[in-house]
Amino acid sequence: MESNRKFLLSYSTELDSTKDMERLLKSINVQLKDLLRLSNQISASVSNIIINEDASIREQEKTLFLSFSNDIATVRDKKGLGLVIKRYLKNLFLIKEYIITIKNDDHETYSYFLHELEADTPADKGFQIITGTRMPIAGSMTGVVLQSDEPVIFDIADVLQQGKLSFPSASFWKSAGAEKILGLRLRVASEDIGILWIQPGHTNDHLLKGITAQMAIALANAIANDRIERQLSEIDRYKQQLEEEKIYLKEEIETSHNNSEIVGDSPCMQKIFRLVAQVAPSESAVLILGETGTGKELIARAIHNNSPRKNKLMVKVNCAALPANLIESELFGHERGSFTGAIERRLGKFELANNGTLFLDEIGEMPPELQVKILRALQEKEIERVGGKSTIKVDVRIIAATNRDLSKEMAEGRFRSDLYYRLNIFPIDLPPLRERRADIPLLASHFILHYAKKTGRKIETLSSRAMQELVQYDWPGNIRELEHLIERSILLTSGDMIKQIHLPPPKQAAAANPSVGMLNLKTIDDNERDHILEILKYCGGRISGEGGAAEILGVPSSTLNSKIKRLGIQRKHVTNHF
């Protein structure tokens, strides 16, 4: 009985332990089920968060893309395009540096159109130089991208080490600290417009393609607008040039020379004609030397009219008639606002004479500080307007004239030697009228016919005595003096023949120099000074207006005032002269 009782007690104890284990397992099972339900709930929550974040990012990208589309649709120029691209590349892709290259119209070259460096990154001067240069597509990274339907990534170090592809923008990307760059084609329909170059990163390829598609359209619009602006600017330039030419030609007609052709048959003039025929077909500079009134401008016009440039303008600049502070603007032009009174852009004489001839009369009067600019224009064949920021190419033939001894002026430091040698390629020295007295009858007849017709008088000739007076006179004012004496004599003649020439009174002979006998040697300036004084005396000191000295001498009053100042003529000299 006792053994049975012990067995029952042992079995009872084991049974209780089994029940406890079952209860424990059941409890664990319940907890695992609760934990599984909780993990499912957490997983669902995390999935919802991820979905919501993705949706939020897509919504944000969609908003930015729509904003980008709206902003870039309004772009019409290069500056506006640059601002929009800079803002959205940074906001969408955290891209701070980019380059846009465009394919040129020749389809064989490309150019840098836009670029942006981070604000605190120093710009590379080498890259700045190439931004306005056309570079060949063949053998370049640009050519590789244009031949690929997908974006192309380049390792900068590998490209530079291999040296097979041209990489002009390497310095730009080194400044930006880039190791690789990505090139994306910008296309409109099936036409390549250009390439967007950026650093590859964690970008949304779908969004990036959408952005570049919009960018390509805006780029095409900006290029077209830029081309239209250049064309309009060119049209405005030609329009202004035509207006300037019209004004210039009108002035030339109004102040045209009384003699439209050179008159003379003397041996010295035949020599001049041969020199003109020799130099006219060339492009060489010509320096015409001679006293005042010898017809230097007529020789210059003869050279131009017999040159390949005869269908273009010959523009004249009287260097002695222009104030020193305006001569640079007159020659090279100026931009609007470049100085007080510059209310509009104006073309200079160099631009006006482009593909033609520029006649620089009285070149010896040009200020030394301007001579160096003339020399640069002749050597480089380019000019820069006053207040301008860029150079302008010009193709101009130069003919210069002076009554000064430029070699003497050069020796005394008033004329640059380099400019003198540049101008003195083909000198033509015109003889004064006293050395070609055989031409005086021809010239007198020519002027009589011209002024008789102009004044409505029936005068065709002059008396033998009057002709003898003309031939024997020394003519310090040369042909110009003869011309105006004939005009004056016609006005004072009542019949059909000029019987008296109103020559200036003879001068008192100066004390003779023993070494030269009774010969009174004078410089060209002395002769010019004396002649101007004679005319001023005759006119009672009057310079401008009808019957004034300027009219008789056949020069503008401003030119005469400049000569009076240069030669040191004062009012007391006029009243005390003779």
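Identify the residue in the range 389-438 that is under 29 Å from the mean Cα position of the chain (by Cα) and without any contact (Cβ under 8 Å) to a residue 40 or more places away in the chain and, among all such residues, is nearest to residue 357 (Cα to Cα). Ranking the qualifying residues of the range 389-438, first place goes to 393. Just to be sure, is residue 297 within 29 Å of residue 370 (Cβ to Cβ), acidic (Asp, Glu), under 35 Å from the mean Cα position of the chain (by Cα) and at pLDDT below 85? So residue 297 fails the test. Being outside any helix (DSSP H, G or I), crowded, with 22+ Cβ neighbours inside 10 Å, of a type outside the set (S, T, N, Q) and at pLDDT 90 or above is a condition met by no residue of the range 461-469.
When residues in the range 356-413 are screened for being in a helix (DSSP H, G or I), open to solvent by 20 Å² or more (accessible area, probe 1.4 Å) and under 30 Å from residue 234 (Cα atoms), 5 of them pass. Look at (1) assigned to a helix (DSSP H, G or I); (2) over 43 Å from the mean Cα position of the chain (by Cα); (3) without any contact (Cβ under 8 Å) to a residue 60 or more places away in the chain and you find that residue 457 fails only one, number (1). If you go through the range 166-192 and keep only what is surrounded by fewer than 16 Cβ atoms within 10 Å (Cβ to Cβ) and under 24 Å from residue 220 (Cα atoms), you end up with 188, 189, 190, 191. Assigned to a helix (DSSP H, G or I) and under 30 Å from residue 484 (Cα atoms) - does that describe any residue in the range 279-289? No; the residues of the range 279-289 include none that is assigned to a helix (DSSP H, G or I) and under 30 Å from residue 484 (Cα atoms). Pairs linking a residue in the range 514-532 that is at pLDDT 70 or above to a residue that is surrounded by 17 or more Cβ atoms within 10 Å (Cβ to Cβ), with Cβ atoms under 6 Å and 6 or more positions apart or on different chains, are 524/291; 524/403; 527/476; 528/292; 531/476; 531/477. Residue check: residue 338 meets all listed conditions (1) in contact with a strand residue (DSSP E or B) (Cβ under 8 Å, 6 or more places away or on another chain); (2) small (Gly, Ala, Ser); (3) under 22 Å from residue 279 (Cβ atoms) but one, namely (3). Output yes when any residue across the range 252-274 is within 30 Å of residue 334 (Cβ to Cβ), open to solvent by less than 50 Å² (accessible area, probe 1.4 Å), touching a helix residue (DSSP H, G or I) at 6+ places or on another chain (Cβ under 9 Å) and at pLDDT below 90, and no when none is. No, there is no match, as no residue in the range 252-274 is within 30 Å of residue 334 (Cβ to Cβ), open to solvent by less than 50 Å² (accessible area, probe 1.4 Å), touching a helix residue (DSSP H, G or I) at 6+ places or on another chain (Cβ under 9 Å) and at pLDDT below 90. With the structure loaded, tell me whether residue 455 is loosely packed, with under 13 Cβ neighbours inside 10 Å, of a type outside the set (D, E, K, R) and touching a helix residue (DSSP H, G or I) at 6+ places or on another chain (Cβ under 8 Å) or whether it fails that test. Answer is yes for this residue.
Whether a residue is open to solvent by 50 Å² or more (accessible area, probe 1.4 Å) and at pLDDT 90 or above was assessed, and residue 427 passes this test. Evaluated against (1) modelled with pLDDT under 90; (2) of a type in the set (Val, Ile, Thr); (3) closer than 25 Å to residue 479 by Cα, residue 286 falls short on exactly one condition, (1).
If the condition is being open to solvent by 10 Å² or more (accessible area, probe 1.4 Å) and of a type in the set (D, E, K, R), then the range 437-452 contributes only 437.
Among the residues of the range 110-141, just one is in a helix (DSSP H, G or I) and at pLDDT 75 or above, namely 141.
Enumerate the pairs (first residue in the range 206-226 and at negative phi; second residue anywhere and surrounded by 18 or more Cβ atoms within 10 Å (Cβ to Cβ) and small (Gly, Ala, Ser)) with beta-carbon separation below 6 Å, excluding pairs fewer than 6 apart on the same chain, so at least 6 apart or on different chains. Between residues of the range 206-226 that are at negative phi and residues that are surrounded by 18 or more Cβ atoms within 10 Å (Cβ to Cβ) and small (Gly, Ala, Ser), the close pairs are 219/194.
The values are calculated or read from the model by the stated rules, or taken from the named source; none is laboratory data. Computed from a prediction, not measured in an experiment: that's the story for all the values here. So basically every Cβ, Gly included, is an ideal-geometry build from the backbone, and we count neighbours across all protein chains shown. Surface accessibility is based on the protein's heavy atoms, side chains included, excluding ligands, DNA and RNA. Shrake-Rupley method; radii C 1.70, N 1.55, O 1.52, S 1.80 Å.
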